[in-house]
There are 2 protein chains.
Amino acid sequence: MKIIIDVMSGDNAPEEIIKGVFLAHSEYPDVELTMTGNRYIIEDYCREQDLDIDDPMITIEHCESVITMEDQALSVVREKADSSMGKALKMLASGEGDAMVSAGNTGALHAGSTLVVRRIKGYARSAIATILPLEKPLLLIDAGANTEVTKEQLEQFAIMGSTYMNKLFGIESPRVGLANNGTESTKGTKLLQETYAHLSQCDRINFVGNIEGKQIPFAECDVLVCDGFTGNMILKLTEGLAKFFMGKVKQVFMSTPATKAAGVVMKPHIKTFKKEFDASEYGGAPLLGISKPVIKAHGSSDAIAIKNAIRQSIDFVDTGIIKELARQVQKKEESPNA
Amino acid sequence: MKIIIDVMSGDNAPEEIIKGVFLAHSEYPDVELTMTGNRYIIEDYCREQDLDIDDPMITIEHCESVITMEDQALSVVREKADSSMGKALKMLASGEGDAMVSAGNTGALHAGSTLVVRRIKGYARSAIATILPLEKPLLLIDAGANTEVTKEQLEQFAIMGSTYMNKLFGIESPRVGLANNGTESTKGTKLLQETYAHLSQCDRINFVGNIEGKQIPFAECDVLVCDGFTGNMILKLTEGLAKFFMGKVKQVFMSTPATKAAGVVMKPHIKTFKKEFDASEYGGAPLLGISKPVIKAHGSSDAIAIKNAIRQSIDFVDTGIIKELARQVQKKEESPNA
């Protein structure tokens, strides 16, 4: 198996991404790892950090440019087709690797995956699927790729999310919820009311109805389906509030000598707790619906998060999710009323 | 001044609502308080709790029925026009009170306010404005009344929210943000892109641009404008996550004897912290754009939350927000290009 890693993209690129590649190598010595990026920068950094760049399982594909956060999504297939992300996409498409990981510009990765690697036949859109580490891991789909969607697309997101949670988390019949502003079937926009009826009739998923914002943390479903605008809001607000509350708890501990002493006792427990709610423990967010595994690592990924995203891409290949997704859509075409 | 309180609606009605009325009475002895609801139930409860129902500043308007959470919004003007909520709305409309408070069905309160009390001339929609108690109090508008909106309506929400934060929180020039999935002006749906341009040109507000989910907790604006679907998601998810994190912190404290001891030290501090983030400290959520003050108290309000909502309705009357809102829209009509 060969995983391609775009080491030039992300807030902490290339240092943390390169370190993550070497961490993954020590955990999965049998997996080939190819880094796309500037050879000179990568080699310099490896020498400096005493990382064995001559290891035969680790290779470099040289490229000059990098997609930045400011670049337009389509630049990855136009003026920056030779960037570290563009190169990784092309290698994946042509079979020079089994999966790819990038911590770069989400819009570019989504556009590039769709145009270069292409979607699984039968899927109208690909979607970003992110694990929210709440009471139980909750798969949020779409977490930001498609701002506007149809009910048929939301149904496909539900099928993709269910398949993912089944294959990667071993959940027998994942409970699918629809993010809405109330639990009744008549709630939400016209699109959401129609989607509710549509999902209720889909025999391919275990639809448990609408999920309100206040229910999201409490494990009332395994897959939460929504458009990418709502998904982005849920994901980012959850991140922001987690950061906010942790900061507040820290402030409370720092307020008096007695609370500082209590803080010393609590520190290891708080650390465990923080780790439990660290999304990067689960790796990155796959772009489901693409014909090969593309994993979006969080922009702020450190070496461990990258290592986890590589682990996840290996699992993704191993579990054959894409074959199963193709089978699901074929089944649908054969029995369109199902 | 006379405040009308629907004492039959809400999760803890009528007990906590009635208690809240008496709490408000002891704090504001000069304000007349009228409770709409079943006279026999109210009198029985007051006798049982030794509350002086013969106080001349506290009166009862008898009505038989109650709007439940399951009732259709329009029932408040149709088959249940004589309910505690319907009666309160009619009294407010006819001038038998200066403001009203209800912890009942939001949809019914919104519909009833619009149809019975009516909007301020010039406002296309009324909106629910809720304080999120984060790094600083943040006014979320619309928090759930209008699922689908136009850019002109979002502009009016911005004006209403700014006026409210100016008058009630004394903020000179409240910073207005637009809830979106990225900070750039090109982010979001077509509606949000157009709204961004529209708000940028509005000289009546201090528009600071798009606000992403992860920025929401960190006081980057004073007024956060969005459609009611997004607002409901932000509000409810914030509530849900606050509950979730507090529960987790409690679990951590309960994990070992040492952390339990630390918990004893921390308890009063955690309590202060919880109070700081208790939305009900700020009272309820006004329905801005209605021609008289209507305050929606949280469904789960206890007596103190109701007392705070009554205090807020008194402030609402005192500060003359509605006159200012009418003036704002008049100004707009006089100079339509401003």
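A short reminder: the numbers here are calculations on the coordinates, not readings from a lab. Since we're looking at a predicted model, the values are computed, not measured. Here Cβ is always computed from backbone atoms with ideal geometry, including for glycine, and neighbour counts include all displayed protein chains.
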Using DSSP to call loops (not H, G, I, E or B), can you name the GluC sites (Glu not before Pro) in region A:182-287 whose Cβ has at most 15 other Cβ atoms within 10 angstrom? A:E184
Low-density loop positions, GluC sites (Glu not before Pro), region B:15-110 - DSSP coil, at most 15 other Cβ in 10 Å: B:E64, B:E70, B:E79, B:E96
Between region B:240-286 and region A:317-333, what is the C-alpha centre distance in whole Å? 45
How about region B:3-100: which trypsin sites (Lys or Arg not before Pro) there are in a DSSP loop, with at most 13 other Cβ atoms within 10 Å of their Cβ? B:R78
Past 30 Å, Cα to Cα: identify those pairs from A:K275/B:K236; B:K2/B:K236; A:K190/A:K274; A:K80/A:K307; B:K274/B:K332, in the order given. B:K2/B:K236; A:K190/A:K274; B:K274/B:K332
How far apart, in nanometres, would the label points at B:M246 and A:D203 be if each is projected 7 angstrom from Cα along the Cα-to-Cβ direction? 4.6
Top of A:Q201, A:Q312, A:Q49 by mean-square fluctuation, Gaussian network on chain A, Cα under 10 Å: A:Q49
Mean-square fluctuation maximum in Gaussian network of chain A, Cα pairs under 10 Å, restricted to A:V149, A:V223, A:V101, hits A:V149
Per GNM of chain B with C-alpha springs under 10 angstrom, the most fluctuating residue out of B:T59, B:T256, B:T106 is B:T256
So which of B:K167/B:K243; B:K167/B:K331; A:K136/B:K214; A:K214/A:K296; A:K90/A:K121 end up more than 24 Å apart, counting from Cα to Cα? B:K167/B:K243; A:K214/A:K296
Taking each label point as 7 Å beyond Cα in the direction of the beta carbon, state the distances from A:G320 to the same residue in the other copies, shortest first, in nm. 7.6
In whole Hz and in residue order, list the ³J(HN,Hα) couplings for region B:140-156 that follow from phi through the Karplus curve 6.51 cos²θ - 1.76 cosθ + 1.60, θ = phi - 60°; x for Gly and Pro. 9, 9, 9, 8, x, 7, 10, 5, 10, 9, 10, 5, 5, 5, 4, 5, 5
Quick check on the exposure proxy: order A:S102, B:S301, B:S26, B:S173 from fewest to most C-beta atoms within 10 angstrom. B:S26, B:S173, B:S301, A:S102
Per-copy distances of the A:R39 label point, shortest first, in nm (7 angstrom along Cα→Cβ): 9.4
If I stretch the segment between A:M57 and A:S173 completely, what's the gain in nm (0.36 nm per residue apart, minus their alpha carbon distance), one decimal? 38.0 nm
Convert each backbone phi in region A:126-139 into a coupling constant with the Karplus relation 6.51 cos²θ - 1.76 cosθ + 1.60 (shift: θ = phi - 60°), then list the ³J(HN,Hα) values in order as whole Hz, x for Gly and Pro. 9, 9, 8, 10, 10, 7, 9, x, 9, 3, 9, x, 10, 8
Nm distances between the label at A:T59 and the same-position labels in the remaining copies, 7 Å along Cα→Cβ, shortest first? 8.8
List the aspartates and glutamates whose Cα lies under 20 Å from the Cα of A:K151, skipping any in the same chain that are fewer than 8 positions away. A:D142, A:E184, A:E194, A:D203, A:E212, A:D222, A:D227, A:E333, A:E334, B:E148
Under the Karplus relation 6.51 cos²θ - 1.76 cosθ + 1.60, θ = phi - 60°, what is the ordered set of whole-Hz ³J(HN,Hα) values for region A:158-163, x standing for Gly and Pro? 4, 5, 5, x, 5, 4
